[in-house]
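Down below is the structure, laid out as structure tokens.
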Amino acid sequence: MISNRDEVTQMILSAKVSKGIKWKDVATEVGLSKEWTTAACLGQMTLNKEQAEIVGRMFELTDEAVAWLQIVPSKGTGGIPTDPLLYRLYEIVSVYGGSIKELIHEEFGDGIMSAIDFSLDIQREPDPKGDRVNMVMSGKFLPYKSY
């Protein structure tokens with residue numbers, strides 16, 4: 001019996017390693033971006049029945065695990081990350097967050113960038129001094145309304 005979504009994530013990660021599955025291959029099968037599909041497999045998005053069954057088949061999950069993939073997760077939990085890569089992303093927001101906020105408000109007004117109507121694209125960018133990580137985030141601007 002599975003007691004929470006984190007157990008399903010661990011099952012997926014274990015099968016990914018043992019089977020040599022790549023996230024881009026899962027995304028191709030599911031029919032969505034590698035960024036969104038990976039987030040779903042890691043427990044941050046909700047898969048519909050068809051998507052969950054595809055993931056279940058690829059990772060040889062039980063019916064119960066497939067059902068867990070269709071439950072709305074608690075997103076963004078975990079606090080300040082300790083993993084070096086995740087911490088550096090946290091550090092970017094800590095250092096540049098205020099500037100990003102100011103520039104968005106100057107350009108768009110008082111509001112936020114949606115994390116719901118959002119896309120993320122991660123690509124390798126060749127560079128003679130060492131390859132770079134190119135991340136493009138695009139979110140719909142949502143103005144605060146007066147009432």
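The values are calculated or read from the model by the stated rules, or taken from the named source; none is laboratory data. Nothing here was measured: the structure is a model prediction, and the numbers come from that model. Cβ coordinates were reconstructed from backbone atoms using ideal geometry, including for glycine residues, and neighbour counts include every protein chain displayed. Ligands, DNA and RNA are excluded from the accessible area calculation, which covers all protein heavy atoms including side chains. Shrake-Rupley method; radii C 1.70, N 1.55, O 1.52, S 1.80 Å.
For S3, are the conditions met, namely being free of Cβ contacts under 8 Å to residues at least 12 places away in the same chain, in a helix (DSSP H, G or I) and open to solvent by 70 Å² or more (accessible area, probe 1.4 Å)? Considered against the rule, which asks whether it is free of Cβ contacts under 8 Å to residues at least 12 places away in the same chain, in a helix (DSSP H, G or I) and open to solvent by 70 Å² or more (accessible area, probe 1.4 Å), S3 comes out as no.
Let's see how each residue does on (1) of a type in the set (D, E, K, R); (2) modelled with pLDDT under 95:
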{"residue": "A115", "(1), (2)": "no, yes"}
{"residue": "D121", "(1), (2)": "yes, no"}
{"residue": "E125", "(1), (2)": "yes, no"}
{"residue": "N134", "(1), (2)": "no, no"}
{"residue": "K140", "(1), (2)": "yes, no"}
{"residue": "P143", "(1), (2)": "no, no"}
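Would you point out the residue of region 50-83, among those that are open to solvent by 90 Å² or more (accessible area, probe 1.4 Å) and in a helix (DSSP H, G or I), that is farthest from L13 (Cα to Cα)? Among those that are open to solvent by 90 Å² or more (accessible area, probe 1.4 Å) and in a helix (DSSP H, G or I), it is E50.
Pairs are defined by a Cβ separation below 8 Å, a sequence spacing of at least 6 or placement on different chains, a first member in region 8-25 that is within 17 Å of E64 (Cα to Cα) and in contact (Cβ under 8 Å) with a residue 24 or more places away in the chain, and a second member that is crowded, with 16+ Cβ neighbours inside 10 Å and of a type in the set (F, W, Y); the pairs so defined are V8/W68; M11/F59; I12/F59; A15/F59. Restricting attention to region 106-121, the residues that are more than 25 Å from the chain's Cα centre (by Cα) and of a type in the set (D, E) add up to 3. Within region 117-144, if we keep just the residues that are assigned to a strand (DSSP E or B) and aromatic (F, W, Y), the residue that is least open to solvent (accessible area, probe 1.4 Å) turns out to be F141.
Residue-wise test of (1) under 30 Å from L142 (Cβ atoms); (2) open to solvent by less than 80 Å² (accessible area, probe 1.4 Å); (3) of a type in the set (K, R).
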| site | (1), (2), (3) |
| --- | --- |
| S14 | no, yes, no |
| W23 | yes, yes, no |
| S33 | yes, yes, no |
| L47 | yes, yes, no |
| L86 | yes, no, no |
| I112 | yes, yes, no |
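Among I116, I100, I104, which is closer than 26 Å to L32 by Cβ and not charged (D, E, K, R)?
Numbers: I100 fails: closer than 26 Å to L32 by Cβ; I104 fails: closer than 26 Å to L32 by Cβ.
Only one candidate qualifies: I116.
Residue count for region 41-74 satisfying the condition of being of a type in the set (D, E, K, R) and within 16 Å of the chain's Cα centre (by Cα): 0. Close Cβ contacts (under 6 Å, 6 or more residues apart or on different chains) running from residues in region 109-133 that are over 18 Å from I92 (Cβ atoms) to residues that are surrounded by 10 or more Cβ atoms within 10 Å (Cβ to Cβ) and basic (K, R) comprise S114/K140; D117/K140. Against the criterion of being under 10 Å from the mean Cα position of the chain (by Cα) and without any contact (Cβ under 8 Å) to a residue 24 or more places away in the chain, T38 qualifies. Scanning region 91-108 for residues that are closer than 30 Å to A27 by Cα and either in contact (Cβ under 8 Å) with a residue 60 or more places away in the chain or exposed (fewer than 10 other Cβ atoms within 10 Å of the Cβ) (or both) returns no hits.
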